[in-house]
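Take a look at this one; I'll ask things after.
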Amino acid sequence: MHTRLTSALACATLLAAMAAQTVHAGTERPRDGGVGCARTDNRYCKVAHELGDGAARAASQGSESFRRHALVPGPAAGRHAQAPGIGRRHPGGCGASRRGRWRGFFQRGAVGAFSLLSKSDIEAGNVMKILVLGAGAMGGYYGARLMQAGADVTFLVRPRRAEVLARDGLVVRSELGDVRAPVKTVLAEDVKADYDLVLLACKTYDLDSAMAALDPALGASGGKRAAILPLVNGLRAYETLDSRYGRDRVLGGVSYIATTLGTTGEVVHQGAADRLIVGARAESAQGLASAFHELAASTPGTRELSPAIDQALWNKWVMISAGALMTCLMRGTVGEIVRTVDGRALMRQAMDECAAVARLSGHALPEPVAQAMAARLLDESSTWAASMMRDIAQGAPRLEAYDIVGDMAQRAARLGHDVPLVRIAYSHLQVYEAQRAAA
């Protein structure tokens, strides 16, 4: 367990450090003014949030109007509603001012093709209704943070998970603030088109079953026409979602964080790294992406609204693919690999091959991104290894091999560009998958 946590923490640290220098490459909104992101070095982000603690909440919030919209037991025992927000307004607009902007956002119809909130919703406080697929490590963490921000969050879960959540509530352990709160859940057979946004955080090999479960919420006929925010690896999932629901409904999301699900069902956040970048992938979704960012920016962690989210998705995929193919092929950490005779040269080759695919696809890595990736993946002291390598070590029956490595090889083939190391690594992963399937 200690090895798994150490490796997960190293992963988050590596990714967050890379993102800190590179995600926007000069396109992000000014940080100093507070309008582009919420940072962990701001005092308001360091307030511990034990959501069931009514006294702490009352002391930190102060606003009676804000308390009226809470999703957890407050000073009046047994009442449900909203998780507390941060104790002071964000310069970019949190607390009561955030609700005011929500009102204008929906009244102006800025969501374009998406359904507007009803008049009664507006009068009740403009609460964004979000459905989170699952309440696992990623979905549980960000669902809890969105509850803190004031969203109306429901978790789509299996019956057994629903029982655990009904008994214990959602529990998050994090350096950025713990969460313990009752939550709303729904089973697949009861899902309706009643949400503004669906947060999709699943393994890519589960995407087909996830879409089948989410179809009722994504509303073919009647109800709200929700948007989707995927937090997944690679780009194939985005193409699949675009084909099924339309690109205008699929936002872009990049997360740099290490979370695991504990044995008793609690979500454990390793370290303090938590960077979430969101953006619209179609003009009609700009307003919704901006509104979601404003909501998320009032929670602990770094939150950014990117005008170039497709580039941010490529930046992360190139780094993850290069790191995963090498650590899986060599069955070792970055430091162990680059300390070998040929390890450094092979790691450079992996980075160059993946970066070439991005460049030929029209998404060349900005120089600061490439430099940061090299610094991290050539670090002889690094203890990072891809989560897929840990999955292999633990005998996991399924991997995200295609979406992280195989799809990179296939895109290169379509572009007429040879990536021998990527192909070797993907063959290696396919052998593992075949062996596990036959076991």
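All of the numbers you see were taken from the coordinates with simple rules; none came from a lab. Bear in mind the structure is a predicted one, so any value in this text is a computation, not a measurement. Glycine also receives a Cβ, built like all others from the backbone with ideal geometry; neighbour counts cover every protein chain displayed.
Would you work out the Kirkwood radius for region 187-321? I mean one over the mean of 1/r across all pairs of different Cα atoms, in Å. Please report the intermediate quantities before stating the final value.
Numbers: mean 1/r = 0.0634 Å⁻¹.
Over region 187-321, the inverse of the mean reciprocal pair distance is 15.8 Å.
Past the 26 Å Cα-Cα mark, which pairs from K184/K224; K129/K203; K224/K316?
K224/K316
How large is the Rg to Rh ratio of region 245-306 when both quantities use alpha carbon positions and Rh follows Kirkwood?
That ratio is 1.08, to two decimals.
Over the alpha-carbon set of region 183-265, work out the extent along each principal axis and list the three values in angstrom, largest first.
39, 30, 20
Percent relative contact order of region 327-439, based on C-alpha pairs within less than 8 angstrom and at least six residues apart? Present the calculation step by step, with values, prior to reporting the outcome.
Details: 106 pairs, mean separation 39.1, N = 113.
Contact order relative to length: 35 percent.
Highest first, please rank the peptides 127-137, 394-404, 282-292 by the mean number of other Cβ atoms sitting within 10 Å of their residues. The partial results should precede the final answer.
Numbers: 127-137: 23.2, 394-404: 17.6, 282-292: 19.9.
Per-residue Cβ counts within 10 Å, averaged per peptide and sorted highest first, yield 127-137, 282-292, 394-404.
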